[in-house]
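Comments concern the structure below.
Readers should treat all values here as calculations from the given coordinates under stated rules, not as data from a laboratory. Note that the coordinates shown come from a computational prediction; the quantities given were computed from them, not determined experimentally. Here Cβ is always computed from backbone atoms with ideal geometry, including for glycine, and neighbour counts include all displayed protein chains.
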Amino acid sequence: VEFTTRWLRFIDDVEFYFPESEALIHLRSASRSGYWDLGVNRKRVEEIRSRFEELAR
């Protein structure tokens, strides 16, 4: 999945992996360009995790 940052319009990639043998979701979020993302990818991962936790309740 691609996300575009709000201000500078950088593209970030998010990947999901759903192993069939586990009740677990692996995900990765990374910037395509640049070195420092000001914590944007970490915040995105935490938001996605939070939403999945809400759905699991």
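Each residue in segment 1-49 was checked for being touching a strand residue (DSSP E or B) at 6+ places or on another chain (Cβ under 6 Å) and among the small types (G, A, S), and 3 of them qualify.
What is the number of the single condition among (1) surrounded by 11 or more Cβ atoms within 10 Å (Cβ to Cβ); (2) assigned to a loop (DSSP other than H, G, I, E, B) that W7 does not meet? Status for W7: all satisfied but (1).
If we scan segment 2-19, do we find a residue that is touching a residue at least 40 places away in the same chain (Cβ under 8 Å) and more than 8 Å from the chain's Cα centre (by Cα)? Steps first, answer last, please.
Taking segment 2-19 and keeping what is touching a residue at least 40 places away in the same chain (Cβ under 8 Å), we get 3.
Add one more test, that the residue is more than 8 Å from the chain's Cα centre (by Cα), and what stays is 3.
Yes, segment 2-19 contains a residue that is touching a residue at least 40 places away in the same chain (Cβ under 8 Å) and more than 8 Å from the chain's Cα centre (by Cα).
Is at least one residue of segment 25-32 surrounded by 12 or more Cβ atoms within 10 Å (Cβ to Cβ), not in a loop (DSSP other than H, G, I, E, B) and not hydroxyl-bearing (S, T, Y)? Show your work before the answer.
As a first pass, look at segment 25-32 and keep what is surrounded by 12 or more Cβ atoms within 10 Å (Cβ to Cβ): 25, 27, 29, 31.
This time we only want the ones that are not in a loop (DSSP other than H, G, I, E, B), so: 27, 29, 31.
Still in the list and also not hydroxyl-bearing (S, T, Y): 27.
Taking every residue of segment 25-32 in turn, at least one turns out to be surrounded by 12 or more Cβ atoms within 10 Å (Cβ to Cβ), not in a loop (DSSP other than H, G, I, E, B) and not hydroxyl-bearing (S, T, Y).
Within segment 38-57, the set of residues being under 13 Å from the mean Cα position of the chain (by Cα) and not aliphatic (A, V, I, L, M) comprises G39, N41, R42, K43, R44, E46, E47, R49, S50, R51, F52.
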